[in-house]
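Inspection log for the structure reproduced underneath, given as structure tokens.
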Amino acid sequence: MLIYLIWDTSGSMAESGKLWIARSVARAVEQYLRLGYGRADLKLIAWGDEARHVEWVAEDDFPLELLTAAGSSSAKALTALLGNQPGGKVLLLTDGFWSYPDAKELKRWKQSLPRDTVRIIKIGVDANPHLKGADVFKAEDLFLALHGWIERGSQ
């Protein structure tokens with residue numbers, strides 16, 4: 001199993017310590033897997049105006065480049081990188097503040113994927129209140145989001 005850990009680097013993530021909250025969530029996911037609570041390989045993706053893979057070895061410090069945020073999050077960039085069959089699960093760390101066209105594109109993309117492929121972790125107390133659903137979790141509910149999800153695979 002492969003998990004794409006999508007890291008929102010848009011400007012709104014620079015506010016209220018969201019990047020540090022997301023860092024803690026990313027570390028918790030890595031530890032969850034390393035300690036054997038789930039079996040999956042982790043791929044870190046920086047997502048802003050562009051979407052790109054970021055090299056990260058769990059034993060290393062967290063990539064400092066991800067602790068800077070600016071611009072917006074382009075749904076087209078993310079969907080172009082992952083495509084309609086990403087070959088794994090997608091865990092999106094975000095505050096959910098996207099433009100209307102990007103929100104529509106993300107919804108369309110998510111609906112084209114196998115059921116239960118994407119889980120969203122809302123970052124920050126001021127995360128978008130319109131971001132809701134069975135696949136949306138607060139950062140403090142990360143382990144609830146992960147429990148059983150990885151093991152079920154894509155359906």
Proximal charge balance of Thr117 [Cβ under 11 Å; K/R count +1, D/E count -1]: +3
Rounded to 5, the percent of DSSP beta bridges in the chain classed as antiparallel: 15
Links that overshoot a 18 Å alpha carbon limit, given the list Lys76/Lys132; Lys104/Lys138; Lys18/Lys110; Lys76/Lys107; Lys107/Lys132; Lys76/Lys110: Lys76/Lys132; Lys104/Lys138; Lys18/Lys110
Cβ-based exposure ranking for Trp56, Trp47, in which fewest neighbours within 10 Å come first: Trp56, Trp47
Relative contact order for segment 2-152, counting Cα pairs under 8 Å that sit 6 or more residues apart, in percent: 28
Cβ-placed point charges (K, R +1; D, E -1), dipole of segment 1-93 about Cα centre in debye, nearest 20: 360
Length released on extending from Leu144 to Arg108, taking residue separation times 0.36 nm less the Cα-Cα span: 10.4 nm
Estimated dipole of segment 7-155 in Debye, rounded to 20 [Cβ of Lys and Arg +1, of Asp and Glu -1, Cα centre]: 640
Percent of Cα pairs exceeding the 21 Å cut-off, where the set is the chain: 39
Low-density loop positions, GluC sites (Glu not before Pro), segment 30-63 - DSSP coil, at most 15 other Cβ in 10 Å: Glu50, Glu55, Glu59
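Coordinate-derived values only; no laboratory data. These numbers were taken from a predicted model, which means no experiment stands behind them. Heads up, the Cβs are rebuilt from the backbone with ideal geometry, glycines too, and the neighbour counts pull from every protein chain shown.
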